[in-house]
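Scroll down for the structure; my scribbles are underneath it.
The values are calculated or read from the model by the stated rules, or taken from the named source; none is laboratory data. These numbers come from a predicted model, not from an experiment. Here the Cβ is made from the backbone with ideal geometry for all residues, glycine too, and neighbour counts use every protein chain on show.
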């Protein structure tokens, strides 16, 4: 199954000549790119290439040292907002909650996605509860919503975290290594969910995947990063020879 963009031509996010460093360690060098509304974009690169940092800058969690980032949502009341925090759902790589046995249910995890809207100690109203119900249904978690999160499979945990991000009805969802630690069936369920969110709900999807061949098989556009952008184009061009060339240019093989 290939995940394809809908063809909407409006640009929603632009980065121009972005640089970022942690102290003396430069992570990103002169990165420029644009993301179109309703596009599905895969981000790849070797370990330490700056993928997660790039994603955090794209969604407004980090500010670049140099360069500019602009966001213009083209959906409803969010037109022209940046950073459009209600518009962005972010699922980080290996969040702490996946590594601990907190006594919380799947539903309670999803409800955490409402805190940014209603506040930490306010009670949910009927609309908020409905949003939680809808997110759980979209992620296919209805039969496990009352089970402990720690007892779920890796794929179910990942879909729970995606449901938490969906509660705020985002127009962009950013996923950092979403298929890590899940089996082949869970991967297919994940890609089906992403396709549904993109096609039915018009959500722009940004996702980092470590496995470049897997990424190339499931998205139309791939950005390959090694501090700089080495490749930004159709995944169809990433044949076996092309993949080898990217790895050489990224310094993984000689």
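Answer yes or no as to whether residue 212 is in contact with a strand residue (DSSP E or B) (Cβ under 8 Å, 6 or more places away or on another chain) and surrounded by fewer than 23 Cβ atoms within 10 Å (Cβ to Cβ). It would help to see each step written out before you state the result.
On the way: in contact with a strand residue (DSSP E or B) (Cβ under 8 Å, 6 or more places away or on another chain): yes; surrounded by fewer than 23 Cβ atoms within 10 Å (Cβ to Cβ): yes.
So residue 212 passes the test.
Would you point out which residue out of 220, 147 is in contact (Cβ under 8 Å) with a residue 60 or more places away in the chain, surrounded by fewer than 18 Cβ atoms within 10 Å (Cβ to Cβ) and touching a helix residue (DSSP H, G or I) at 6+ places or on another chain (Cβ under 8 Å)?
220
Every residue in the range 191-205 that is surrounded by 18 or more Cβ atoms within 10 Å (Cβ to Cβ) and in contact with a strand residue (DSSP E or B) (Cβ under 9 Å, 6 or more places away or on another chain), please.
Those that are surrounded by 18 or more Cβ atoms within 10 Å (Cβ to Cβ) and in contact with a strand residue (DSSP E or B) (Cβ under 9 Å, 6 or more places away or on another chain): 191, 194, 197, 198, 203, 204, 205.
With the requirement that a residue be in contact with a helix residue (DSSP H, G or I) (Cβ under 9 Å, 6 or more places away or on another chain) and either at pLDDT below 95 or over 28 Å from residue 201 (Cβ atoms) (or both), what does the range 32-42 give you? Before the answer, list the steps.
Narrowing the range 32-42 to residues in contact with a helix residue (DSSP H, G or I) (Cβ under 9 Å, 6 or more places away or on another chain): 33, 35, 38-40, 42.
Selection gives 35, 38, 39, 40, 42.
State the number of residues belonging to the range 237-246 that are out of contact with any helix residue (DSSP H, G or I) (no Cβ under 8 Å at 6 or more places or on another chain) and either modelled with pLDDT of 65 or more or in a loop (DSSP other than H, G, I, E, B) (or both).
Residues in the range 237-246 being out of contact with any helix residue (DSSP H, G or I) (no Cβ under 8 Å at 6 or more places or on another chain) and either modelled with pLDDT of 65 or more or in a loop (DSSP other than H, G, I, E, B) (or both): 4 in total.
Quick check on my filter: what residues within the range 198-214 are in contact with a helix residue (DSSP H, G or I) (Cβ under 7 Å, 6 or more places away or on another chain), in a helix (DSSP H, G or I) and touching a residue at least 40 places away in the same chain (Cβ under 8 Å)? Spell out how you get there, then give the answer.
At the first step, the residues of the range 198-214 found to be in contact with a helix residue (DSSP H, G or I) (Cβ under 7 Å, 6 or more places away or on another chain) are 203, 205-206, 208-209, 212-213.
Now restrict to residues that are in a helix (DSSP H, G or I): 212-213.
Result: 212, single match.
Residues that are over 18 Å from the mean Cα position of the chain (by Cα) and modelled with pLDDT under 85: find the helices (runs of 4 or more DSSP H) completely inside the range 48-130 holding 1 or more of those.
Of the helices (runs of 4 or more DSSP H) lying wholly inside the range 48-130, those with at least 1 residues that are over 18 Å from the mean Cα position of the chain (by Cα) and modelled with pLDDT under 85 span 115-118.
Within the range 218-228, can you find the residues that are touching a strand residue (DSSP E or B) at 6+ places or on another chain (Cβ under 6 Å) and assigned to a strand (DSSP E or B)?
Of everything in the range 218-228, those that are touching a strand residue (DSSP E or B) at 6+ places or on another chain (Cβ under 6 Å) and assigned to a strand (DSSP E or B) turn out to be 219, 221, 222, 223, 224, 228.
Mind listing whichever residues of the range 175-196 are under 20 Å from residue 55 (Cα atoms), part of a helix (DSSP H, G or I) and in contact with a helix residue (DSSP H, G or I) (Cβ under 7 Å, 6 or more places away or on another chain)?
190, 191 - these are the residues of the range 175-196 that are under 20 Å from residue 55 (Cα atoms), part of a helix (DSSP H, G or I) and in contact with a helix residue (DSSP H, G or I) (Cβ under 7 Å, 6 or more places away or on another chain).
For residue 154, which of the numbered conditions (1) under 27 Å from residue 50 (Cα atoms); (2) at pLDDT 90 or above fails to hold?
Result: residue 154 fails condition (2) only.
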